[in-house]
Amino acid sequence: MRLLILGGTEFVGRAYVEEATARGFGVTVFNRGTNEAPDGVTVLLGDRKAPGGLAALEQGEWDVVVDTWSWAPAAVRDAAELLKDRAGRYVYVSSRSVYEFPTAAGADESAPLVDGSADEEGQPEYAQLKRGGELA
């Protein structure tokens, strides 16, 4: 399995990397390089919000891409567009925050969602950003 984790050095992304390497998957992480990547992974550097920041992802193919980005739906959109023909699956890790608050007890995935936009580049609330990432 060839796995690309967008991020991969903190929080949920790092957990994916650690589990995937333990299973013997070939893991590549793409990030800004501000945190040390786990041992045994290929590191591609770039900044998703900078002009040309996805250049390191212009080559390569992966079975699965995992994206946990929360802060710029347009960055999720741009990465998904760039990778769409070179990834078997693109998985976006969302959050229950995308559901309108307060969420009713026992709610499932059909619960009402907050508004969001895949083109968002501003600074709305976290819930709207995650929803925008889902839409992207």
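Using Cα centres only, tell me the gap between region 67-92 and region 1-24 in whole Å.
Taking the Cα centre of each part, region 67-92 and region 1-24 sit 16 Å apart.
May I ask for the angle, rounded to the nearest 10°, between helix 126-135 and the longest principal axis of the chain, with both axes built from Cα atoms and the value confined to 0 to 90°?
Relative to the chain, helix 126-135 is tipped by roughly 70 degrees.
Using the Cα centre of the chain as origin and beta-carbon charges of +1 (Lys, Arg) and -1 (Asp, Glu), tell me which of A127, V43, T9 is placed farthest towards the positive end of the dipole.
Going by the Cα projections, it comes out as V43.
If packing is taken as the average count of other Cβ atoms within 10 Å, what order do 68-80, 99-111, 46-58 fall into, highest mean first?
68-80, 46-58, 99-111
At 1.4 Å probe size, what's the solvent-accessible area of R32? Round to the nearest 10 Å².
The accessible area of R32 comes to roughly 140 Å².
On the accessible surface of the chain, probed at 1.4 Å, how many percent belong to carbon and sulfur atoms?
With neighbouring chains kept in place, the figure for the chain is 48 percent.
Semi-axes of the equivalent ellipsoid for region 1-81, please: Cα gyration tensor eigenvalues, times 5, square-rooted, ordered largest first, whole Å.
Calculated on Cα positions only, the semi-axes equal 19, 13, 12 Å.
Taking mean projected area of the Cα convex hull in nm² as the quantity of interest, determine which of (1) 8.8; (2) 11.8; (3) 22.4 was computed from the displayed structure.
So the calculated entry is the one marked (1).
For the chain, with every protein chain kept in place, what is the accessible area per residue (1.4 Å probe, Å²)?
On a per-residue basis, 58 Å².
The values are calculated or read from the model by the stated rules, or taken from the named source; none is laboratory data. Just so you know, these numbers come straight off a predicted model, no measurement behind them. Glycine gets a Cβ as well: all are built from the backbone with ideal geometry, and neighbour counts include every protein chain shown. Accessible surface areas use protein heavy atoms only, side chains included; no ligands, DNA or RNA. Shrake-Rupley method; radii C 1.70, N 1.55, O 1.52, S 1.80 Å.
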